[in-house]
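*Asks:* I have a structure I would like to understand better, so I am pasting it below and will then ask my questions one at a time.
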Amino acid sequence: KNQVEQSPQSLIILEGKNCTLQCNYTVSPFSNLRWYKQDTGRGPVSLTIMTFSENTKSNGRYTATLDADTKQSSLHITASQLSDSASYICVVSGGGGNKLTFGTGTQLKVEL
Amino acid sequence: DTEVTQTPKHLVMGMTNKKSLKCEQHMGHRAMYWYKQKAKKPPELMFVYSYEKLSINESVPSRFSPECPNSSLLNLHLHALQPEDSALYLCASSQDHGTGFLNEQFFGPGTRLTVL
């Protein structure tokens, strides 16, 4: 069964600190992996997208890594800001039928 | 224009009402999607249109009726909904409904639907 699991479920950090979110998947065959940021009540916004051959990709203060052998990905946020408070969703494409398998997300709260 | 727009932003309707959600994109994308998202849950795929034809219906109840009038527009017609249908309805589009980067989906801001 195609699954995407994320940890932690929720996280609270102080402004300016770094954090790392985890994503494990069992989707097969694998096409690509994306990280989305979703503010409450809004649509997801793409942060990064990586294929099998890529093991790291950055977008400003966001850096995603991918280990296709262990089927793990991480999203590292540096120098967090209050505006980083959101749900971060790991989404894997593949598994037949060109569908996306969504993780349940990590709810991040950045506090002063 | 790299945006997917959705109207209305909020909708409150009774169980006997008929309403429609609208989605529009001008990125030349040929695949468009409807998702339903409940609070603190990931989006759930409802429908996929590819080249203006319905290609995937995830066993969605018939009270939800999608329509793709042209390659830029996607509608979701609602009739006789139930309170449990209250959710955030997201529209997305991608260049193609294939594998790889072509199917990177761009999401709209969503319509918050409340069924009384």
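What follows is calculated from the coordinates using simple rules that are stated; it is not laboratory data. Here the structure is a predicted model, which means the values were calculated and not measured. Cβ placement follows ideal geometry from the backbone for every residue including glycine, while neighbour counts extend to all protein chains displayed.
*Asks:* Across region B:25-36, in residue order, what do the Karplus-derived ³J(HN,Hα) couplings come to in whole Hz, using 6.51 cos²θ - 1.76 cosθ + 1.60 with θ = phi - 60° and x for Gly and Pro?
*Replies:* 9, 10, 9, x, 5, 10, 10, 9, 9, 10, 10, 10
*Asks:* Which semi-axis lengths, in whole Å and largest first, follow from the square roots of five times the eigenvalues of the Cα gyration tensor of chain B?
*Replies:* On the way: eigenvalues 107, 37, 35 Å².
Equivalent ellipsoid of chain B: 23, 14, 13 Å, largest first.
*Asks:* Please report the relative contact order for region B:36-87, taking Cα pairs under 8 Å with a sequence separation of at least 6, and give it as a percent rounded to a whole number. Working shown, then result.
*Replies:* Values: 60 pairs, mean separation 14.5, N = 52.
Rounded, it is 28 percent for region B:36-87.
*Asks:* Given labels modelled 7 Å from the Cα in the Cβ direction, how far is it in nm from residue A:79 to residue B:5?
*Replies:* Here the modelled spin labels are 3.5 nm apart.
*Asks:* If you don't mind, there's one more thing I want to ask. Show me the three semi-axes of the equivalent ellipsoid for region B:22-71, from the C-alpha gyration tensor (sqrt of 5 times each eigenvalue), largest first, rounded to whole Å. Walk me through the intermediate numbers first.
*Replies:* Working: eigenvalues 79, 38, 18 Å².
For region B:22-71, the semi-axes come out at 20, 14, 9 Å.
*Asks:* Cut-off under 30 Å on the C-alpha distance; same-chain residues fewer than 8 positions from residue A:1 excluded. Which lysines are left, in chain and number order?
*Replies:* Counting by Cα, and skipping residues close in sequence, residue A:1 has these lysines nearby: A:37, A:57, A:71, A:99, B:36, B:38, B:40, B:41, B:53.
*Asks:* Sticking with this structure for a sec: Taking the square root of 5 times each eigenvalue of the Cα gyration tensor, what semi-axes in Å does the equivalent ellipsoid of the protein assembly as shown have, largest first? Please report the intermediate quantities before stating the final value.
*Replies:* Values: eigenvalues 175, 88, 48 Å².
The equivalent ellipsoid of the protein assembly as shown has semi-axes of 30, 21, 15 Å.
*Asks:* Starting from the 7 Å offset along Cα-to-Cβ, what nm value, one decimal, do you get for the label separation of residue A:70 and residue B:12?
*Replies:* Using points 7 Å along Cα→Cβ, the separation is 5.0 nm.
*Asks:* Taking beta carbons within 10 Å but only from partner chains, what does the mean come to for residues B:53-60?
*Replies:* 1
*Asks:* If you don't mind, there's one more thing I want to ask. Rounding to the nearest 20 debye, state how big the charge dipole of chain A is about its Cα centre with +1 on each Lys and Arg Cβ and -1 on each Asp and Glu Cβ.
*Replies:* 220
*Asks:* Right, next: Under the definition of Cα pairs under 8 Å and six or more residues apart, what whole-number percent is the relative contact order of region A:17-112?
*Replies:* Numbers: 209 pairs, mean separation 31.9, N = 96.
So the answer I get is 33 percent.
*Asks:* Hey, which aspartates and glutamates would be in cross-link range of residue A:109, C-alpha to C-alpha under 20 Å, not counting anything within fewer than 8 residues on its own chain?
*Replies:* A:5, A:15, A:39, A:84
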